[in-house]
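So the structure is just underneath, and the comments pick up after that.
The values are calculated or read from the model by the stated rules, or taken from the named source; none is laboratory data. Please read all numbers here as calculations on a predicted model, not as lab measurements. A quick note on method: Cβ atoms are made from the backbone with ideal geometry, for glycine too, and the neighbour counts reach across all protein chains shown. Keep in mind that these areas ignore ligands, DNA and RNA; they rest on the heavy atoms of the full protein, side chains included. Shrake-Rupley method; radii C 1.70, N 1.55, O 1.52, S 1.80 Å.
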Amino acid sequence: QVQLVESGGGLVQPGGSLRLSCAASGIMFSRYTMGWYRQVPGRQRELVAYIRIAGRTNYADSVKGRFTISRDNARNTVYLQMDSLKPEDTAVYYCNADSQIISLPDYWGQGTQVTVSS
């Protein structure tokens, strides 16, 4: 029913770029705050960036100036443009949809692997 499908991950050299996409279905996409999270084995999942309904964005300090989150409501898709990638950006990146209503659940994609290595 509800699906978030990430794409665009892969292997890239330090300093390179990747663009992640998350296509959502089964939700009123335009009514959801959309976010990107990442997780490394042995670490807690961390927020990378989010974009609210009205377009306000927030970024983790570690990615400010390098990553850009955007959304296309007509395509039910949220993007994460990642530039100047560093090895420490290596993680599984997850898409999140948050209605901001406590009684309603969040939704998660299955993740896409990003590996930054020489």
Inset, instruction - Among residues belonging to the stretch 93-113 that are under 12 Å from the mean Cα position of the chain (by Cα) and hydrophobic (A, V, I, L, M, F, W, C), point out the one that is most open to solvent (accessible area, probe 1.4 Å). - result: 108
Inset, instruction - With the checklist (1) part of a strand (DSSP E or B); (2) at positive phi in hand, flag the one item residue 65 doesn't pass. - result: (1)
Legend entry - Selection count, the stretch 64-92, where residues are farther than 14 Å from residue 9 by Cβ, open to solvent by less than 20 Å² (accessible area, probe 1.4 Å) and over 12 Å from the mean Cα position of the chain (by Cα): 0
Inset, instruction - Answer with yes or no whether residue 110 is touching a Ser or Thr at 6+ places or on another chain (Cβ under 7 Å) and either of a type in the set (A, V, I, L, M) or outside any strand (DSSP E or B) (or both). - result: no
Legend entry - Number of the condition not met by residue 116 [criteria: (1) under 16 Å from the mean Cα position of the chain (by Cα); (2) open to solvent by less than 20 Å² (accessible area, probe 1.4 Å)]: (1)
Inset, instruction - Please indicate, with yes or no, whether at least one residue in the stretch 86-105 is in contact with a Leu (Cβ under 7 Å, 6 or more places away or on another chain) and in a loop (DSSP other than H, G, I, E, B). - result: no
Inset, instruction - Name the single residue, out of those in the stretch 30-54 being assigned to a loop (DSSP other than H, G, I, E, B) and touching a strand residue (DSSP E or B) at 6+ places or on another chain (Cβ under 8 Å), that is least open to solvent (accessible area, probe 1.4 Å). - result: 32
Legend entry - The listed residue being surrounded by 14 or more Cβ atoms within 10 Å (Cβ to Cβ), of a type outside the set (S, T, N, Q) and over 11 Å from the mean Cα position of the chain (by Cα), out of 4, 18, 11: 18
Legend entry - Only one of 63, 48 that is without any contact (Cβ under 8 Å) to a residue 40 or more places away in the chain and over 14 Å from residue 98 (Cα atoms): 63
